[in-house]
Each structure stands twice: as structure tokens, then as C-alpha cells.
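Note sheet for the following structure.
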Amino acid sequence: MKSVKEAKQIILENAVRLQSIVLNLNEALGYTVSDSIFSPLQMPNFRQSSMDGYAIRFEDMQNTLIVQDELPAGTAKEIKLKEGHAVKVFTGGPIPDDADMVVQKEWVNVCENKISIDTEKINKNFIQTGLNIREPGSAIKKNELAIAKDTVLNSFQISLLASLGLTKIAVYKKPNIAIIITGNELVQPGNSLLKGQVYESNSFGLKAALKSVGIESVNIFFAKDNFAETVDCIQHVLAWADMVLLTGGVSVGDYDFVASACASVGIETLFHGVLQKPGKPLFLGKINSRLVFGLPGNPASVLSCFQQYVLPALALLTGKLPPSPQMIPLQHSFEKKAGLSFFLKAYENNGRVSVLPAQASFQLSAFAQANCWVELEESVTVVEENTPVPIYRF
């Protein structure tokens, strides 16, 4: 058996980034940039007003000025400002040649075709040449770094790239995920249960967990507790999947075929069994750089192992940083046996975390309240109240 630390290190060493692809900008949200992006132009690319107001010469500020013309946003008209004159300008619009400041309209008195600066309203601390003028390249210069490699694109960065005229972006591909649910006892929700049967929930939980981190390409398959059927299902999905998640069948019972089925199709075992609770029988294999996870069948174990092992692997595949814990004080003391790391369903509120009841791998009721996991290392036996402990938020 591996320790939790050893198992996570094996994932770090074996999760290989997927290839770079080119996407339309409006499809790139949540993807990781695979190459640094440099601005193809300077922004703004003309002298631009940052206010609605009047473009004037600094030396004319004390005078009554004739409104010479106006330059609305979007106009290509070019005007040279005359001495003793002003040009009405608008936010985002161009500024006439020879103007060296823009006085916002709230500071201006207008009478017919003339203006004067209201010295009682004006903020004298801001009066200087260049007032309310955006010079060319003041937002970003041509060839300046716009987005660094390995940035996960958010809406603000998408907007920035669009403002630079870019329409296509190189990003790391997101994986195609195959989920294989094994078990003779499983029945889909909505059907009647017979004795010995339980409702299948792992496909729902895993697909939702994948969707929450932006993974949409997910296909779900079902296999009975049968060696040949499990082998056939694994072989089928390996033709296209970048990662395979199996649930159930990873222990050492007479009907647990996942490890042997994986071996029969050429999947190398990286580890089988981790010193942890829940999820002790966790399996990880690899074939042609693709990772194959065998998750225990109990839903709490599935989601715990997904959080601790699958999420970091997905992050590495897509060019992201693996999730890291935060240290939060424990609300109440907690005791556990040594020898196993514990992942405990917990509730964090106002900077403190409480371990919830119903921690057994088959118990799901704690998920109604839980918003995080607490991780306690295998050597830990007693954690006193107010001791900071590592938590992973859902």
C-alpha cells in the first residue's frame, strides 16, 4: 500500500498535459493558455478621451472658448484645434491635434456656442496637461505581454483579448472522460428496488463533479461484475478516452475484476491501495500516457478519491495547478487511529471547520451539509480544538 503522499506524488509524475488546440475566443473560457499571447497592436491606437467634455489647450483654460466642432466616438474625422477654441469630445472618442487636455463637461459652463471653465467646480489638484487623455499605447503597447502561458482564461481576459482583435487562441485541450460503473446490484433512479439492490448514484456525482470544473466531454458506461464484460468495456473506451474512471470492483473480493481486467488489456498498475479512509482500495493505472482510476464503489469513497486524486490529475492534464488545501482552525477536538489518513466530510463557516457525523464510506447524509473535506495524516491521532487543519473546499 502507498501512503497518501506517495500516491499523490505518483500522479504528479505520471499526469501528462494534453496537446494544444486552437479555439475560437468565445469558446476559450476556462481553458489554459498554452503559449504566451503578445499584443498585436497598441491600445488605444489613437489619442482618446476618457471623459465626456471639451478638448482644449492648457493655456486657454482661463478664457472663454468658441466650440469649434465635435468628435463623437467612432468618427474617423481629423480636426486640428485652433487657438482660443474647444472641441466637444466623448468618452472613448478621438481628440483633436494640438489639444493637450480634456475638461469634463461637469466643470464647464455652456452659453450658445461658447464655453468657460467653472473655477468653483473644478478640482484644481487635477489641472495639468494630459488631463483625461489616453495616449496611444497607454493601455498596452504593441508586442507587450497580454496573457502569460498557463493562465486559465476568465471573462476579463477574454474581453482583453477581444479588444486586441484576436479571434483564436491556443489552449490545452480538455480531456474526454469515460466513466465505467460496475456492479450487479445497481439500479437507475426512478426504477423500483428489489431486495439486494441499491440506486446507482456514482455516475451522477462524478458527471456533476466533472462539470463543476469545466469538463463536459463525459460518456458513461455500465458493466456487470464479470471479468469479460469489464475487459470489453475498458477496451472500448480506451479507443478515445483521455482518462478512465471506474467505480466499484477494485477490492479483493470474488467479484472484483477491475485490477485484473486492466492488466489484461495492457494497463500498467501504478498503485493499488492507499493508506486512507475512505477509499483504501484505490487503483491507478496507466497506458500510453492515459490514466485509469479504479475508484471504490461507495459514493462517499468515490467523491473523496475524486477530490484528492482525480482533480489534481485533471488539473495537470489541462495545464492548471492542482488544488491546494487551506489551514482552518478545528471547531471541536477529534480523535482517530494511527496508520491511515482520514478524509472527513466537514462544514466550514466563519473561519472555523467542524467535522460532521456519518463519516462511513456508505453514508451520504453528511453531504447535505458538508462544504469541504478535512485531511488528517496517517500519523495523527488527536487533534485539539482550535488546531489548524488542512481543508479542501468542494
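Annotations for the structure displayed:
- Segment 48-134, relative contact order [Cα under 8 Å, separation at least 6], %: 39
- Cross-link reach is defined here as a Cα-Cα straight distance under 22 Å, omitting same-chain residues fewer than 8 places apart; for Lys286 the lysines meeting it are Lys2, Lys5, Lys8, Lys173, Lys174, Lys207, Lys320.
- Cβ crowding within 10 Å averaged over residues, with 298-305, 343-350, 115-122 ranked highest first: 298-305, 343-350, 115-122
- Contact order relative to length of the chain, as percent, for alpha carbon pairs under 8 angstrom and 6 or more apart: 17
- Estimated from helical segments only, the mean residue ellipticity of the chain at 222 nm is -4500 deg cm²/dmol, where each DSSP H run of four or more residues counts as -39500 (n - 2.57).
- Distance from the C-alpha centroid of segment 209-248 to that of segment 256-321: 12 Å, rounded to the whole angstrom.
- Angle in degrees between helix 227-238 and the longest Cα principal axis of the chain, rounded to the nearest 10: 20
- Whole-Hz couplings from phi, Karplus 6.51/-1.76/1.60, listed for segment 381-387; x for Gly and Pro: 10, 10, 10, 7, 3, 6, 6
- Partners of Lys337 within straight-line reach, counting aspartates and glutamates whose Cα lies under 19 Å from its Cα and excluding those fewer than 8 residues away in the same chain: Glu375, Glu377, Glu378, Glu384, Glu385.
- Toward the positive end of the charge dipole of segment 1-114, with +1 on the Cβ of Lys and Arg and -1 on the Cβ of Asp and Glu, the farthest Cα among Ser20, Ile56, Ile79 is that of Ser20.
- Under the criterion of Cα pairs below 8 Å and six or more residues apart, the relative contact order for segment 328-383 equals 47 percent.
- Most mobile of Lys286, Lys211, Lys124 in a GNM of the chain (Cα contacts under 10 Å): Lys124
- Beta bridges per DSSP, both residues in segment 48-134: antiparallel share near 75 percent.
- Cα-based helix-to-principal-axis angle, 4-14 vs the chain, degrees rounded to 10: 60
- Tilt relative to the chain, helix 202-212 - C-alpha long axis, 0 to 90 degrees, to 10: 20
- Sorting 191-202, 213-224, 236-247, 251-262 by their mean Cβ neighbour count within 10 Å, with the most densely packed peptide first, gives 236-247, 251-262, 213-224, 191-202.
- Exposure proxy ranking, count of Cβ atoms within 10 Å, fewest first, for Ser159, Ser3, Ser39: Ser159, Ser3, Ser39
Values in this text are rule-based calculations from the coordinates and carry no lab data. Just so it is clear, the structure is predicted and the values come from calculations on it, not from any experiment. Cβ: placed from backbone, ideal geometry, glycine included. Neighbour counts: every protein chain shown.
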